[in-house]
Amino acid sequence: MPRGTYYFPDGFLWGTATAAHQVEGRNQNNTWYAWEQEEGRIAEGHQSGLACDWWGGRWREDFDRAAKTGQNAHRLSIAWSRIQPAPDRWDESALDRYREMLIGLRERKLIPMVTLHHFSEPLWVAEMGGWENEDVPELFGRFVEKAVDALMPYCDLWVTINEPNVFAFSAYVDGVFPPGKKDLKVALIVLQNLVRAHARAYHIIHDRQPQARVGIAAHYRGFKPATWLPPDRWIANVFHTLFNDLFPRTLHDGVFNTIYKRYRIPEAAGTQDFLGLNYYTSDLVRFDLLAPSKVFAHRTYPEDALLSESGFIAHQPSGMMACVKWGGQYGLPLIVTENGVEDSDDTLRPRYILEHLHALWQIMNGNYRVEGYFHWSLVDNFEWERGWTQRFGLWGLDVETQARIRRPSADMFAEICRKNGISTAIVEKYAPEALQVLFP
């Protein structure tokens, strides 16, 4: 067996990613808290509660964990609902709290990446129709002005909107995110408003901070036709176009192309300095005339796929290569802003990380410029409609006691970060089952 190390470029960002509602706790003024109070919305009736108690200050110990294990960056989000709890009121103490967090990252030599919208907004925004209301992009812009003015001394790497495609489809097609609607036409209206919100935020940030780098975090999901039959190929292409392509392509050329109709949003053209890529898994897609509520598609994983403990994710590292290749078409620097797997026992995660990073290294050697990798996540957190049933953290969390449980993957990721690469020794130590894949 050959021995060696797959090295990543000097200056590569190694970090983890989190989101405000999932880790902060104690936020009762946003759409997700209200959603948690409705019966049947969250798996097993779970609620976020204290989450990881970051609002109570436990971000300090988690940032210490990140820094002490070799990470050099962290992606986190800030909550619109905390900073602007009412249309006519700003909470300066919340901004102070976020300043303290960003200063804490800097003090630990962790480069901050700040996400401005990660799936939640204030209740007062929801009460006026949420992202269906064409006035919300302007309101979001005012929030961005306030937040960036306060935080730009400590951050110049911004994600405007996390996974706009997941947000729109989950909230307005699948109905599992608030407000729980199931209407593709409404989802497309929401996506247009999100495009306008991003464009407004992009220009606001650059007006204030010309050296800033601004992008989105796009969720890429592979959609492969289940058979060679034309209906399966057609529906796979529809999903790829509407879910993967629609939003970032609009930010590239200013044309919102839904296959059936095109809209021009000229202010959005050229509003990305980098493209964030969130990749977890890929689907096989079969056309199903009897499934209009699922956009006429039946989506499955390959029969021989290695699945996460609830079957939520299939281990498909080749999809990482497809994701980067797809992202490369826009001619922008790329950053993997999320990648991870639910695994409370930490039996699949080491292999998942190693094989996905190996796939990333392979595609980067095809002259794709990838600047960093943020693992989802630093610590177990509240996984939206799935509550506490899924555990994505390098550190586990006892929700009752707030104790952190160090998983072997935390040590493995630390070795990768410090080495800036994947060595034979790391694979042998943490995932020997992957040796034949990485070092054949």
Answer label for mean projected area of the Cα convex hull in nm² (calculated), chosen among [x] 22.6; [y] 20.0; [z] 18.4: [y]
Across Lys109/Lys429; Lys68/Lys325; Lys146/Lys419; Lys146/Lys182, pairs whose alpha-carbon gap is larger than 31 Å: Lys68/Lys325; Lys146/Lys419; Lys146/Lys182
Gaussian network model of the chain, springs between alpha carbon atoms under 10 Å - residue of Asn133, Asn29, Asn381 with greatest fluctuation: Asn133
Cβ crowding within 10 Å averaged over residues, with 80-86, 225-231, 17-23 ranked highest first: 17-23, 80-86, 225-231
Label-point separation, Trp234 to Arg418 (7 Å along Cα→Cβ), nm: 5.7 nm
Mean-position separation - Cα centroids, the stretch 322-341 and the stretch 1-68, in angstrom: 21 Å
Relative contact order computed over the stretch 170-275 (Cα-Cα under 8 Å; 6+ residues apart), in percent: 23 percent
Spin-label zone in the stretch 308-326 - amide nitrogen under 17 Å from a point set 7 Å from the Cα of Thr347 along the C-beta vector: 308-315
Net dipole in debye of the chain [+1 Lys, Arg Cβ; -1 Asp, Glu Cβ; about Cα centre; nearest 20]: 1060 debye
Length-normalised contact order for the stretch 87-236 - Cα pairs under 8 Å, 6+ apart - percent: 25 percent
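Note the full-extension length gain between Lys68 and Lys185 as 0.36 nm times their separation in residues minus their Cα-Cα distance, in nm to one decimal.
Values: separation 117, 0.36 × 117 = 42.12 nm, distance 4.76 nm.
That pair, Lys68 and Lys185, stretches by 37.4 nm at full extension.
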Proximal aspartates and glutamates relative to Lys181, as straight alpha-carbon distance under 13 Å, when same-chain residues fewer than 8 apart are discounted: Glu132
Trypsin sites (Lys or Arg not before Pro) within the stretch 219-308, DSSP loop, no more than 13 other Cβ atoms inside 10 Å: Lys261
Mean separation of Cα contacts under 8 Å, 6 or more apart, over the residue count of the chain: relative contact order %: 19 percent
Ranked Met320, Met128, Met412, criterion: other C-beta atoms within 10 Å, fewest first: Met128, Met412, Met320
DSSP beta bridges in the chain [antiparallel fraction, %, rounded to 5]: 30 percent
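Please go through the stretch 73-178 and write out the GluC sites (Glu not before Pro) that DSSP classes as loop and that have at most 14 other C-beta atoms within 10 Å.
Passing sites in the stretch 73-178 are Glu134.
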Peptides ranked, highest mean first, by Cβ atoms within 10 Å: ranges 213-219, 425-431: 213-219, 425-431
CD proxy at 222 nm, helix term only [per DSSP H run n ≥ 4: -39500 (n - 2.57); per residue of the chain; nearest 500]: -11000 deg cm²/dmol
For the stretch 139-206 versus the stretch 349-419, the gap between their alpha-carbon centres in whole angstrom: 25 Å
Options Trp131, Thr115, Phe382, ranked by Cα towards positive dipole end of the chain, top entry (Cβ charges): Thr115
Sparse-neighbour loop sites [trypsin sites (Lys or Arg not before Pro); the stretch 366-422; at most 15 other C-beta within 10 Å; DSSP]: Arg369
Under 19 Å from Lys261, Cα to Cα: lysines that are on another chain or at least 8 residues apart: Lys185
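Where a number appears in this text, it was derived from the coordinates with a stated rule and is not lab data. Being a predicted model, the structure only gives us computed values, none of them experimental. Here Cβ is always computed from backbone atoms with ideal geometry, including for glycine, and neighbour counts include all displayed protein chains.
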